[in-house]
Amino acid sequence: MSKFTGFAMKKLNEVGWVEKEKPECGRRDAIIKPLALSPCTSDIHTVWEGAIGDRKDMILGHEAVGIIEEVGPDVKDFKVGDEVIVPAITPDWEDEAAQRGFPSQTTGALGGWKFSNFKDGVFGEVFHVNLADANLAKLPENVKPETAVMLSDMFSTGMMGSENAKIKLGSTVAVIGIGPVGLCSVAGARNLGAGRIFAVGTRPNCVKVAKEYGATDIVNYKEGPIDEQIMEATDNEGVDAVIIAGGNMETWKQAVKMAKAGSVISNVNYLSGADIVPLPREAWGCGMANIDIATGLCPGGRVRMERLASLIEYGRINPDSLITHKFKGFDKVEDALMLMKDKPKDLIKPVVLCD
Ligand code: NAD
Ligand code: ZN
């Protein structure tokens, strides 16, 4: 095969199939054929909200499990035919930002995010992965591709939201937005030892999974300001950590108002729609309230994926609960993406099984 097809952002607000030359495999790289794929809310922000600006004929997608079709001669730990989890974020591990501990930001802000940002993504019959030894993880034998594809971005990002929130044993946590990412933040909070976990959301499917993943209280944001509801439920104490995984600019004000001194507001949401993020000055102690704000891009790389896979293998997380829609056949990636755009009420995550 010298040409392949993929489903692409043709330009802002337009998607379609494109044909491209097969990517070259560098000495330390790999070429992968997808086994399971999933679209991300970020693909929707990218195409229809212009969140990262315009792109021309860029293949979308950054959540994949695949089978190795080709490896470069310097790849040590992987061979043709291996089934692998592909992280959404594939950093340049030698870059100085990686050495400082921030691999997702290598070569610049969000630079570890290559697929469907500044190189073709995984919604192709084949796709290229840089630094295979550092950026791929073997799919454990007892884990299905469709289960593991939830690790690439959803669990890595959602659980990072909880890690960045510095949750301690018994901490009280609020997770705002319980789409797939927020649900993974709930799972992260529980795994890190949180006590009470408020999950802010309304959709019955998401509420059910939130409870399964460890939420102790459900807050409906359509029934009044969530800061007021959470302050009342905590006898005006507030929470030790707020994880923002959905909502709008108003959410930031509410987050500050429910945060205790010493707490962290940990954002994983992809902000769009306004240039300035508002913080309530007084509630934030005029900037002196010891309420910190943490941000981060999904952690990538091999060790991260291996650790998340071990959470599946040893029964700590059950990613299958996120999967509400399954498609069979690579060409169905288009339907899966459009479903993600339309967001029917019963949707959490769709997966595409490629064979
Ligand atoms: P999603 O749209 O499925 O989930 C967001 C949820 O928030 C929805 O269920 C929505 O109904 C709910 N919501 C809307 N308004 C709300 C409000 N006022 N209060 C509380 N909840 C409200 O999205 P997702 O796939 O779960 O992703 C969440 C965000 O994370 C997106 O913005 C996505 O682009 C971003 N993301 C970031 C990274 C990263 O690396 N930081 C990675 C992946 C996704
Ligand atoms: Zn994503």
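The values are calculated or read from the model by the stated rules, or taken from the named source; none is laboratory data. What you see is a predicted model; the values in this text were computed from it and never measured. Cβ coordinates were reconstructed from backbone atoms using ideal geometry, including for glycine residues, and neighbour counts include every protein chain displayed. Ligands, DNA and RNA are excluded from the accessible area calculation, which covers all protein heavy atoms including side chains. Shrake-Rupley method; radii C 1.70, N 1.55, O 1.52, S 1.80 Å.
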Seminar exercise, completed: Checked against (1) modelled with pLDDT of 95 or more; (2) in a loop (DSSP other than H, G, I, E, B); (3) farther than 18 Å from ALA88 by Cβ, LYS257 satisfies every condition except (2)
Exercise. Would it be correct to say that GLY112 is more than 13 Å from ALA36 (Cβ to Cβ), in contact with a Ser or Thr (Cβ under 6 Å, 6 or more places away or on another chain) and either of a type in the set (Ser, Thr, Tyr) or not in a loop (DSSP other than H, G, I, E, B) (or both)?
Worked result: no
Problem set entry | Number of the condition not met by ALA134 [criteria: (1) among the hydrophobic types (A, V, I, L, M, F, W, C); (2) open to solvent by 20 Å² or more (accessible area, probe 1.4 Å); (3) under 29 Å from VAL15 (Cβ atoms)] | (3)
Problem set entry | Residue satisfying condition, being modelled with pLDDT of 95 or more, in a loop (DSSP other than H, G, I, E, B) and more than 13 Å from ILE176 (Cα to Cα), within set ASN236, ASN205 | ASN236
For this session: Find the residue count for segment 194-208, including only residues that are surrounded by fewer than 24 Cβ atoms within 10 Å (Cβ to Cβ) and either within 21 Å of ALA259 (Cα to Cα) or among the aliphatic types (A, V, I, L, M) (or both).
Result: 3
Exercise. Would a scan of segment 194-211 turn up a residue that is more than 16 Å from ligand 2 (Cβ to nearest atom) and under 20 Å from SER310 (Cβ atoms)?
Worked result: no
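Let's see how each residue does on (1) modelled with pLDDT of 95 or more; (2) open to solvent by less than 20 Å² (accessible area, probe 1.4 Å); (3) within 11 Å of ligand 1 (Cβ to nearest atom); (4) not assigned by TED's automatic domain parsing to the domain that holds GLY112:
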{"residue": "ALA210", "(1), (2), (3), (4)": "yes, yes, yes, yes"}
{"residue": "ALA215", "(1), (2), (3), (4)": "yes, yes, no, yes"}
{"residue": "VAL268", "(1), (2), (3), (4)": "yes, no, yes, yes"}
{"residue": "GLU282", "(1), (2), (3), (4)": "yes, no, no, yes"}
{"residue": "ILE291", "(1), (2), (3), (4)": "yes, yes, no, yes"}
{"residue": "GLY301", "(1), (2), (3), (4)": "yes, yes, no, yes"}
Seminar exercise, completed: Scanning segment 56-88 for residues that are of a type in the set (D, E, K, R), away from ligand 1 (no atom under 16 Å from the Cβ) and in contact (Cβ under 8 Å) with a residue 40 or more places away in the chain gives LYS56, ASP57, GLU69, GLU70, ASP74, LYS76, ASP77, ASP82, GLU83
Exercise. When you scan segment 292-355 for strands (runs of 3 or more DSSP E) that lie fully inside it, which ones turn up with 2 or more residues that are charged (D, E, K, R)?
Worked result: 323-328
Problem set entry | Filter result (of a type in the set (A, V, I, L, M) and either away from ligand 2 (no atom under 16 Å from the Cβ) or open to solvent by 60 Å² or more (accessible area, probe 1.4 Å) (or both)) within segment 53-77 | ILE67, ILE68, VAL71, VAL75
Problem set entry | Residue in segment 121-131 that is open to solvent by 10 Å² or more (accessible area, probe 1.4 Å), within 16 Å of ligand 2 (Cβ to nearest atom) and in a strand (DSSP E or B) present | no
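Residues checked against (1) touching a residue at least 40 places away in the same chain (Cβ under 8 Å); (2) farther than 30 Å from ALA261 by Cβ:
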position: ILE293; (1), (2): no, no
position: GLY296; (1), (2): yes, no
position: PRO299; (1), (2): yes, no
position: GLY315; (1), (2): no, yes
position: ILE323; (1), (2): yes, yes
position: LYS328; (1), (2): no, yes
position: VAL333; (1), (2): yes, yes
position: ASP346; (1), (2): yes, yes
position: VAL352; (1), (2): yes, yes
